[in-house]
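Undergrad: Before I ask anything, here is the structure I am working with.
The values are calculated or read from the model by the stated rules, or taken from the named source; none is laboratory data. Source: prediction; values computed, not measured. Cβ coordinates were reconstructed from backbone atoms using ideal geometry, including for glycine residues, and neighbour counts include every protein chain displayed.
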Amino acid sequence: MSIPLPSSGLLTEPISEDKLTVSIGPQHPGAGHFRFMITVEGDTITDCVPDPGYVHRGAEKQTEYRNYVQSIPVLERSSLTDVTNIIMPFCMAAEELMGVQIPPRAKYLRMIMSENQRIISHLYWLGIQGIFLGHSTMFMWPLGDRDVLIDLGQMLGGARITYSYVIPGGVRNDLPSGFKDKAFKVYDYLESRLKDYERMFFSHPLFLKRTRGVGVLPRDEAIKLGVVGPVLRASDVRSDVRIDEPYNFYDEVDFEVPTFKECDTYARCMVHLIEMRQSMRIIRQCLEKMPQGPVRTKVTMTQRAAAGEAYSQVEASRGAMSFHVISTGGPKPYRTKISVPSFRNLIALPRLLIGSHVADMPAIYWSLDYWPVEADR
Amino acid sequence: MAESATGTDVPSREQSISSEFSQFGEKAKVAFTKKNRLKVMVRREDLVDIATFVRQKLMFDHCTNVTGTDFPKEKELEITYHFGSTDGAGLRGMILSLACRVPSGDPTLPSLISIFPSADYHERETAEMIGAIFTGHPKLGRFMLPEDWSDIPPMLKAYRLPGRLEAE
């Protein structure tokens with residue numbers, strides 16, 4: 001069956017004397033392989049056409065060929081800075097279809113790993129935002145400090161990046177001995193480093209000049225475009241899946257959801273900074289509150305899920321991550337549809353770039369925390 | 001994938017939204033109601049009317065996802081829109097799904113981007129991956145796949161991953 005599709009809209013069109021079309025990417029314009037075409041008139045961007053798909057690997061299709069547990073390593077490769085949060089909704093959907101309840105300790109461990117992952121992802125984001133604003137120290141510091149948190153993740157998950165820690169039925173293993181002490185030490189260190197970042201970067205006149213009033217996404221437009229995560233919260237919407245539809249034990253820990261009225265690049269940067277502090281706050285509470293007990297319910301490799309469908313969502317580092325899993329009663333999903341935050345935030349890129357100066361483009365682009373590998377899946 | 005309404009533990013919020021669809025009679029059939037989730041089956045000719053109702057009366061203000069599923073035995077595609085609400089009172093966390101079955105030989109259905117602008121990229125992706133044609137969408141075409149892709153849409157069940165055994 002062949003379905004006719006109109007021809008590509010990405011060809012460069014003839015432009016007038018004072019307009020120039022520029023292709024940004026796909027060879028890594030900042031982070032990840034992604035291209036967008038901009039039309040500039042002088043120093044002002046007058047059009048922007050995103051062209052995602054350079055790292056599309058068909059993760060959704062691949063899950064149809066694998067059992068639920070086997071899909072995990074495939075899915076986590078779609079979002080290497082945020083592996084826990086992309087697997088968790090898939091596991092939640094699988095558990096719902098299989099009728100599996102997970103032990104309370106596993107839920108706390110999922111929260112610990114998920115929040116640690118959020119800090120890792122935000123530190124990576126901060127490093128790139130630093131270098132995009134011409135601040136090379138702010139590239140070195142967060143990426144160096146990120147390693148300490150990766151070490152912590154390694155203690156828990158066994159690997160540095162792709163730990164496949166969350167599995168249907170719970171998590172793979174319990175806390176190793178000495179984890180709690182090490183974690184408190186690491187987060188004390190990071191707290192002091194965040195103060196350094198604030199002094200060094202977030203209150204720097206250069207940072208303020210280049211981010212304040214740049215790339216403004218008003219509240220009503222943010223809702224209309226359906227953006228998520230830090231981008232939505234920076235547009236003065238107090239929305240977070242962790243409070244809107246609490247999963248694990250997010251309703252039993254205290255944390256704040258930062259919002260800003262500025263709706264600009266500055267606000268989006270500050271949301272990331274505050275969220276790192278809140279994540280540490282959540283992990284500390286989890287480590288204190290966590291009950292003893294098993295960390296997984298047995299789910300066999302070929303366990304069948306009941307026929308039906310499940311729609312699960314979590315708050316990933318970049319925003320709401322949701323999975324629609326359809327099962328026909330077999331050991332493999334019949335259809336998996338992933339809605340990733342990067343893909344949902346991409347729609348805001350043309351809206352923010354059109355009318356901006358070329359020099360503001362990197363700051364705006366990266367303030368959306370757009371991760372091409374995650375968006376393309 | 002229609003399921004009957006599950007159990008008696010469905011909270012009243014979901015039930016009250018579900019009962020709102022009774023005014024459409026045969027045009028909108030509630031497939032299932034469970035905690036924070038509601039799925040309604042609609043025909044493609046009624047999709048725009050019911051989506052407008054969902055936007056304006058039920059206050060679901062953005063599209064979170066669009067799923068295209070191939071059912072080769074029935075020779076049908078199921079296109080499911082998932083809507084969420086940011087500003088609707090008490091609707092946070094709720095996902096309302098509108099599902100529409102279209103024949104595989106004529107997979108056209110109206111685009112909803114004039115009602116939900118946030119469905120734009122989701123529709124483009126679904127058009128490309130499953131071959132559905134959203135009439136009224138100004139820019140369907142190559143989006144995620146390579147520009148020289150010449151095979152059938154890859155999320156159709158007839159498309160098989162090379163070197164892999166049977167899919168579900």
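Undergrad: Name the residue that is surrounded by the most Cβ atoms within 10 Å (Cβ to Cβ), counting only residues in the stretch A:18-61 that are farther than 16 Å from residue B:145 by Cα and charged (D, E, K, R).
TA: Narrowing the stretch A:18-61 to residues farther than 16 Å from residue B:145 by Cα: A:18-25, A:27-32, A:37-48.
Checking the rest, the ones that are also charged (D, E, K, R) come to A:18-19, A:41, A:43, A:47.
Details: A:18: 8, A:19: 14, A:41: 13, A:43: 10, A:47: 16.
Result: A:47.
Undergrad: Take residue A:227 and decide whether it is within 14 Å of chain B (Cβ to nearest Cβ), touching a helix residue (DSSP H, G or I) at 6+ places or on another chain (Cβ under 7 Å) and part of a loop (DSSP other than H, G, I, E, B).
TA: When the stated conditions are applied, residue A:227 passes them.
Undergrad: Residue by residue through the stretch A:233-257, note down the ones that are in contact with a Ser or Thr (Cβ under 8 Å, 6 or more places away or on another chain) and closer than 30 Å to residue A:136 by Cβ.
TA: A:233, A:234
Undergrad: For the stretch A:181-200, state whether one or more residues are among the basic types (Lys, Arg), in contact with a Leu (Cβ under 9 Å, 6 or more places away or on another chain), part of a helix (DSSP H, G or I) and modelled with pLDDT of 90 or more. Give the steps one after another, and end with the answer.
TA: Restricting attention to the stretch A:181-200, the residues satisfying the condition of being among the basic types (Lys, Arg) are A:182, A:185, A:193, A:195, A:199.
The next check asks that each one be in contact with a Leu (Cβ under 9 Å, 6 or more places away or on another chain); those that pass are A:182.
Going one step further and asking which of them are part of a helix (DSSP H, G or I), we end up with A:182.
Retained after the next criterion (residues that are modelled with pLDDT of 90 or more): A:182.
Yes, the conditions are met somewhere in the stretch A:181-200.
Undergrad: Quick one: in the stretch A:316-331, which of the residues that are within 12 Å of another protein chain (Cβ to nearest Cβ), more than 16 Å from residue B:36 (Cα to Cα) and not hydrophobic (A, V, I, L, M, F, W, C) is surrounded by the fewest Cβ atoms within 10 Å (Cβ to Cβ)?
TA: Within the stretch A:316-331, the match that is surrounded by the fewest Cβ atoms within 10 Å (Cβ to Cβ) is A:329.
Undergrad: Just give me the residues in the stretch B:72-114 being of a type in the set (S, T, N, Q) and closer than 22 Å to residue B:159 by Cα, in sequence order.
TA: B:80, B:104, B:108
Undergrad: Using the structure shown, decide if residue A:293 is in contact (Cβ under 8 Å) with a residue 24 or more places away in the chain and at positive phi.
TA: yes
Undergrad: For the stretch A:36-65, which residues satisfy the criterion of being at pLDDT 90 or above and basic (Lys, Arg)?
TA: A:61
Undergrad: Take residue A:260 and decide whether it is more than 14 Å from every other protein chain (Cβ to nearest Cβ), closer than 17 Å to residue A:319 by Cα and surrounded by fewer than 24 Cβ atoms within 10 Å (Cβ to Cβ).
TA: yes
To keep it simple, each residue is scored yes or no on (1) surrounded by fewer than 23 Cβ atoms within 10 Å (Cβ to Cβ); (2) at pLDDT 95 or above; (3) part of a helix (DSSP H, G or I).
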position	(1), (2), (3)
A:102	no, no, no
A:105	yes, no, yes
A:117	no, no, yes
A:131	yes, no, yes
A:138	no, no, yes
A:142	no, no, yes
A:146	yes, no, yes
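Undergrad: Right, next: Residue check, residue B:93 against (1) surrounded by 22 or more Cβ atoms within 10 Å (Cβ to Cβ); (2) within 10 Å of chain A (Cβ to nearest Cβ); (3) within 17 Å of residue A:340 (Cα to Cα), all met but one. Which one?
TA: Of everything listed in (1) surrounded by 22 or more Cβ atoms within 10 Å (Cβ to Cβ); (2) within 10 Å of chain A (Cβ to nearest Cβ); (3) within 17 Å of residue A:340 (Cα to Cα), residue B:93 misses just condition (1).
Undergrad: Conditions first: (1) buried (at least 21 other Cβ atoms within 10 Å of the Cβ); (2) closer than 29 Å to residue B:96 by Cα; (3) out of contact with any strand residue (DSSP E or B) (no Cβ under 6 Å at 6 or more places or on another chain). Residue A:228 passes all but one, so which condition is the exception?
TA: (3)
Undergrad: Report yes if residue B:87 is surrounded by fewer than 20 Cβ atoms within 10 Å (Cβ to Cβ), at pLDDT 90 or above, not in a strand (DSSP E or B) and not basic (Lys, Arg), otherwise no. Spell out how you get there, then give the answer.
TA: Numbers: surrounded by fewer than 20 Cβ atoms within 10 Å (Cβ to Cβ): yes; at pLDDT 90 or above: no; not in a strand (DSSP E or B): yes; not basic (Lys, Arg): yes.
It is false that residue B:87 is surrounded by fewer than 20 Cβ atoms within 10 Å (Cβ to Cβ), at pLDDT 90 or above, not in a strand (DSSP E or B) and not basic (Lys, Arg).
Undergrad: Hey, residue A:355 hits all of (1) in a loop (DSSP other than H, G, I, E, B); (2) more than 14 Å from chain B (Cβ to nearest Cβ); (3) buried (at least 23 other Cβ atoms within 10 Å of the Cβ) but one; which does it fall short on?
TA: (3)
Undergrad: So in the stretch B:112-168, with the set limited to residues that are of a type in the set (S, T, N, Q) and more than 7 Å from chain A (Cβ to nearest Cβ), which one is nearest to the chain's Cα centre (by Cα)?
TA: B:126
Undergrad: Going through the stretch A:209-223 one residue at a time, which ones are surrounded by 17 or more Cβ atoms within 10 Å (Cβ to Cβ), within 14 Å of another protein chain (Cβ to nearest Cβ) and under 22 Å from residue A:46 (Cβ atoms)?
TA: Within the stretch A:209-223, A:217 is the sole residue that qualifies.
Undergrad: Now for a different question. Looking at A:337, A:298, can you tell me which residue is more than 8 Å from chain B (Cβ to nearest Cβ) and either in contact (Cβ under 8 Å) with a residue 40 or more places away in the chain or of a type in the set (Gly, Ala, Ser) (or both)?
TA: Just a single option satisfies the conditions, and that option is A:298.
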